[in-house]
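The values are calculated or read from the model by the stated rules, or taken from the named source; none is laboratory data. These figures come from a predicted structure and were not determined experimentally. Here the Cβ positions follow ideal geometry from the backbone for every residue, glycine too, while neighbour counts run over all protein chains shown. Surface accessibility is based on the protein's heavy atoms, side chains included, excluding ligands, DNA and RNA. Shrake-Rupley method; radii C 1.70, N 1.55, O 1.52, S 1.80 Å.
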Amino acid sequence: MIGILIISHGDLGNSLINCANHVMGGRPENLMHLGVTIQDDPDVITLNALELLKQLDCGDGVLILSDICGATPCNIANQLVNPGRVECLSGVNLSMLIRALTYRNESLEFSVEKALSGGKEGVMRIYSRSDNAN
């Protein structure tokens, strides 16, 4: 089973985990969050993230989901990437997380691709009913 670590600003990751718990009908195993605030020392957070990666890796690798590419949480995650063992996707959303959870018993590479497509496909414009009728 692939471990999943969300590294995000503040409590965003916990909120996503709570939503995933609702959708999935319970708290998924090997899913953790590391919140980053403006007061945090990135070097300390990186060490904390390394400890979480050790806890999450059951032998199949870990997928890190981060919020904004180029921001501190993603920069920390970027330092942790180890191709084939620890992969990272930025722009986390609930669709991406649900897809990652759904395919976490597959290979890490397959799970990464499914999570990435879930994140992209989960973003769409919704039209009003009157617009759809035309």
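Could you please let me know if Arg99 is of a type in the set (D, E, K, R), under 13 Å from the mean Cα position of the chain (by Cα) and at pLDDT 95 or above?
Details: of a type in the set (D, E, K, R): yes; under 13 Å from the mean Cα position of the chain (by Cα): yes; at pLDDT 95 or above: yes.
The answer is yes for Arg99.
From (1) in a loop (DSSP other than H, G, I, E, B); (2) over 12 Å from the mean Cα position of the chain (by Cα); (3) closer than 22 Å to Gly118 by Cβ, pick out the condition that doesn't hold for Ile68.
Going through the list (1) in a loop (DSSP other than H, G, I, E, B); (2) over 12 Å from the mean Cα position of the chain (by Cα); (3) closer than 22 Å to Gly118 by Cβ, Ile68 breaks only (2).
Do we have any residue at all in the stretch 41-51 that's open to solvent by less than 60 Å² (accessible area, probe 1.4 Å), over 23 Å from Glu121 (Cα atoms), outside any strand (DSSP E or B) and among the hydrophobic types (A, V, I, L, M, F, W, C)?
Scanning the stretch 41-51, I find at least one residue that is open to solvent by less than 60 Å² (accessible area, probe 1.4 Å), over 23 Å from Glu121 (Cα atoms), outside any strand (DSSP E or B) and among the hydrophobic types (A, V, I, L, M, F, W, C), so the answer is yes.
Any residue in the stretch 106-120 that's β-branched (Val, Ile, Thr): show its pairings with residues that are not in a helix (DSSP H, G or I) at Cβ separation under 8 Å, as long as the two are six or more apart or on different chains.
Val112/Leu63; Val112/Glu87; Val112/Leu89
State which residue is least open to solvent (accessible area, probe 1.4 Å) when the search covers only the stretch 72-108 and only residues that are in contact with a strand residue (DSSP E or B) (Cβ under 8 Å, 6 or more places away or on another chain) and among the charged types (D, E, K, R).
Residue satisfying both the conditions and the ranking: Arg104.
Taking the stretch 18-29 as the region of interest, how many residues are in contact (Cβ under 8 Å) with a residue 60 or more places away in the chain and assigned to a helix (DSSP H, G or I)? Explain how you work it out, then say what you get.
Of all residues in the stretch 18-29, those in contact (Cβ under 8 Å) with a residue 60 or more places away in the chain come to 19-20, 23-24, 28.
Among the residues that remain, those that are also assigned to a helix (DSSP H, G or I) are: 19-20, 23-24.
Of the residues in the stretch 18-29, 4 are in contact (Cβ under 8 Å) with a residue 60 or more places away in the chain and assigned to a helix (DSSP H, G or I).
Before we move on, is Leu56 surrounded by 19 or more Cβ atoms within 10 Å (Cβ to Cβ) and within 16 Å of Gly119 (Cβ to Cβ)?
Details: surrounded by 19 or more Cβ atoms within 10 Å (Cβ to Cβ): yes; within 16 Å of Gly119 (Cβ to Cβ): no.
Judged against the criteria, Leu56 is not a match.
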